[in-house]
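The values are calculated or read from the model by the stated rules, or taken from the named source; none is laboratory data. Treat the numbers as computed from the prediction; the structure is a model and nothing was measured. Cβ coordinates were reconstructed from backbone atoms using ideal geometry, including for glycine residues, and neighbour counts include every protein chain displayed.
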Amino acid sequence: MTENVTPDNAMTPEAEYEFYARAENQLPQGSARRRKAPMTAMVPVRFPQDVLDEVRRRADADHRSLSSWIRLAVEHELRNSA
């Protein structure tokens, strides 16, 4: 299984799939975690195709959903801008 481990010791998507396909690895660990605040509303946003393609690529690289990646990017910008 070492061939499925990346240089930073994170599992590849294939290794994760194999790991979580086994029933013994599907048991919850620790207490449940909730979002800090409930999501309040959907906001439709349009992107040029090339931007959307890059956002999807980066979300996939981070093993995140498109929505999650965009939320994190917006939160990061809000924390780091004037």
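Tabulated values for the structure
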read-out: Every pair of residues 6+ apart whose Cβ atoms lie under 8 Å, when the first sits in the range 1-26 and is over 17 Å from ARG64 (Cβ atoms) while the second is at pLDDT 55 or above and in a loop (DSSP other than H, G, I, E, B); value: ASN4/THR12; VAL5/THR12
read-out: Odd one out for ARG22 among (1) assigned by TED's automatic domain parsing to the domain that holds ALA10; (2) modelled with pLDDT under 90; value: (2)
read-out: Options GLU77, GLU24; residue that is over 27 Å from THR12 (Cα atoms) and assigned to a helix (DSSP H, G or I); value: GLU77
read-out: All positions within the range 15-24 that are closer than 25 Å to ALA59 by Cα and loosely packed, with under 11 Cβ neighbours inside 10 Å; value: ALA21
read-out: From the options LEU52, LEU27, residue that is at negative phi and either surrounded by 12 or more Cβ atoms within 10 Å (Cβ to Cβ) or at pLDDT 90 or above (or both); value: LEU52
